[in-house]
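What follows draws every value from the coordinates through simple rules; no lab data is involved. Quantities reported herein were computed from a predicted structural model and do not represent experimental measurements. Note that we place each Cβ from the backbone using ideal geometry, even for glycine, and neighbour counts take in every protein chain shown.
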Amino acid sequence: MFDRLKQAFSAVTSAVREKQLSDQDLDKLVFDFQISLIESDVAQSVAEALTTEVQKSLAGAKVDRSADASEVVGERLAVALQTAFEKAGSVDLAANVREKSKAGEPYVILFLGINGTGKTTTVAKLANFMKKNGLSVVCAAGDTHRPGAIEQLTEHAERLSLKVVSQRYGADPAAVGRDGVLYAKAHHMDCLLIDTAGRMQTNQNLMEEMAKIVRVVKPDFRIFVADALTGNDAVSQAELFNQHVGFDGAILTKADADVRGGAALSIVYSTGKPVLFLGMGQGYDDLVPFDNKEFLESLMS
Ligand SMILES: Nc1nc2c(ncn2[C@@H]2O[C@H](COP(=O)(O)OP(=O)(O)OP(=O)(O)O)[C@@H](O)[C@H]2O)c(=O)[nH]1
Ligand SMILES: [Mg+2]
């Protein structure tokens, strides 16, 4: 996995390692690096920011050309990414749920994302994950817009033997979320997972609706769900949700397909929020914790 992105990184370091570089070589190297980042589904804005960082370190390396330039470049590159991933941090959701449950309150997780990215499927996968961690789960059908959305979530929940709190289509999703919280409290559930709509008349309506749910429900954690195959789009969606609604962590779905790793890097770098899991298929167990260190090591090795 992520081989393509790894190639982009090793191209930079090995080019520097192989020979002493002229200014033209450096410019070309930086340009090539930017192209290969973009080809690896790194968002354009992120590729530009990263290459600027790399360029600065290359300029530093130029001064001491006889020294080990490859090490300098490799290190700077690693530091730039490590800093971004460290700042984003990591989250142990099951531990968070346990902690709040000890205080006698359900932990409320709200799912956000554009239509078709895999929110509903991921609600089911995360519910399964919580159950496997010995935690009780209830879901709320907050997508009251798309025909079939309530049945889709209910079907998943039935397979997982979980309760779904729902209202009719057209109902206020914030009210559904509130019902979910009341149910979770009354039944002493450890966590509540709220599914939401991904498409409305306009993105602005969608953002307003999500912001309203956040105001009413006050979730403990907001998960942004993105399709890992949509590099630039995933990042602009992440920025949109982060700006208008805010989110605390991301899950990248469809990472079982030909994923180049760029979306994970881009979302962390541009929003400063951690990636929690990768969706690796359509089964309930196809949710794999994302490990920052492992990801970075796989790029740099
Ligand atoms: N291969 C693969 N498919 C996935 C993954 N996650 C979701 N899908 C598929 O993607 C499609 C859309 O998933 P949904 O969960 O319905 O997406 P959604 O975000 O809820 O969509 P809306 O309700 O329309 O907003 C479904 O066919 C899922 O089975 C994944 O990790 N890997
Ligand atoms: Mg859905």
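HN-Hα J couplings of the stretch 175-184 from phi, Karplus 6.51/-1.76/1.60, θ = phi - 60°, integer Hz, Gly and Pro as x?
Each residue's phi maps through the Karplus curve to give 5, 5, x, 5, 4, x, 4, 4, 4, 4 Hz.
Pull up the DSSP beta bridges for the chain and report the antiparallel fraction as a percent, rounded to 5.
10
In the structure shown, do any of LYS131/LYS185; LYS102/LYS163; LYS87/LYS254; LYS132/LYS163 have a Cα-Cα gap over 19 Å, and if so which? Kindly include the intermediate steps, with their values, before the conclusion.
Values: LYS131/LYS185 17 Å; LYS102/LYS163 22 Å; LYS87/LYS254 25 Å; LYS132/LYS163 16 Å.
Violating the 19 Å limit, Cα to Cα: LYS102/LYS163; LYS87/LYS254.
Based only on other Cβ atoms within 10 Å, what is the fewest-to-most ordering of ILE267, ILE35, ILE251? Can you show the working numbers first?
Details: ILE267 29, ILE35 14, ILE251 25.
If I rank by nearby Cβ atoms, fewest first, I get ILE35, ILE251, ILE267.
Run the reach check for LYS28 against lysines, Cα to Cα strictly under 20 Å, same-chain hits fewer than 8 apart removed. What comes back?
Reachable lysines: LYS6, LYS19, LYS56, LYS62.
What are the residues whose amide H is under 5 Å from the amide H of ASP227, where those residues sit 5 or more places off or on another chain and H is modelled from the backbone?
THR253
Using the alpha-carbon atoms, what tilt in degrees (0 to 90, nearest 10) does helix 149-159 show relative to the longest principal axis of the chain?
90
For the chain, set up a Gaussian network in which alpha carbons nearer than 10 Å are linked by springs, and say which option among LEU278, LEU81, LEU110 fluctuates the most.
Checking each option, the largest mean-square fluctuation is seen for LEU81.
Calculate the dipole size of the chain relative to its Cα centre from +1 charges on Lys and Arg beta carbons and -1 charges on Asp and Glu beta carbons; express the result in debye to the nearest 20.
Approximately 880 debye in magnitude.
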